[in-house]
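Encoded as C-alpha cells, the structure appears first; notes follow it.
None of the figures in this text is laboratory data; all of them are computed from the coordinates on show. Keep in mind that this is a model prediction, so the values were computed, not measured.
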Amino acid sequence: MIRPMHTAMSIRLATPADSAIITEHRHKMFRDNRFATEDILARMDEAFEPWVRARLSDSRYVGLLAEDRDVVVAGAGVFFSDFPPHWRHAEPTRAYVLNVYTEPEARGQGVAKRLMEYLIEECRKRRVFTVVLHASPQGRPLYEKMGFWESDEMMTGLAR
C-alpha cells in the first residue's frame, strides 16, 4: 500500500499480474469517450495487455491502482521512454502518463488527482522533468490545475 485515502480506500503499485485490469480500464476509457468501436478496442486490448505486462516487469511502466475494500476502482500509469535530449529538457527520458481511469461510482472523490500526484512524484524521483499526456475532455480540467498545458506537437496516421 502506498497511501491510505479514506478508511477503506488505498493506492498500490500495479504488478504484471494486474495487466488485465489495466487493459480493462484502458478499454473503458476509450469506450466511454467514444474514440473507437468495440472491434477496434478488442484488437487494441489483445496487443496492449502483453505490452503493459512486459513494461510493468521491467519498470518502464509504473502503474497505480486505487482499491476500495479490495476492489479496484481507479488506475493510472506512467511510461518512461528513451527520448532525445531537447531544448526543453536535456534528460534523455520522457514520461508519458496514460490509462488514467476511474470507475463511475468512484468519481468525484479526488482519486484521479491522488494517482496523478503520485505519478508526478515518481517522475521527480527518476529525474524526468518532461511529462506529457493526452487529455480527454473530462480529464482536461484536472490536468490544467496540475500545471499541464497544450503543446505544439502534431500527429499523423500513416497508411498501412
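Here are a few things to note about the model shown:
- Kirkwood-type hydrodynamic radius, region 3-145: 15.7 Å, calculated from all non-identical alpha-carbon pairs.
- GNM top mover of R31, R114, R43 - the chain, alpha-carbon springs below 10 Å: R43
- Extension gain (nm, one decimal) between T15 and S151, 0.36 nm per residue minus Cα-Cα: 45.8 nm
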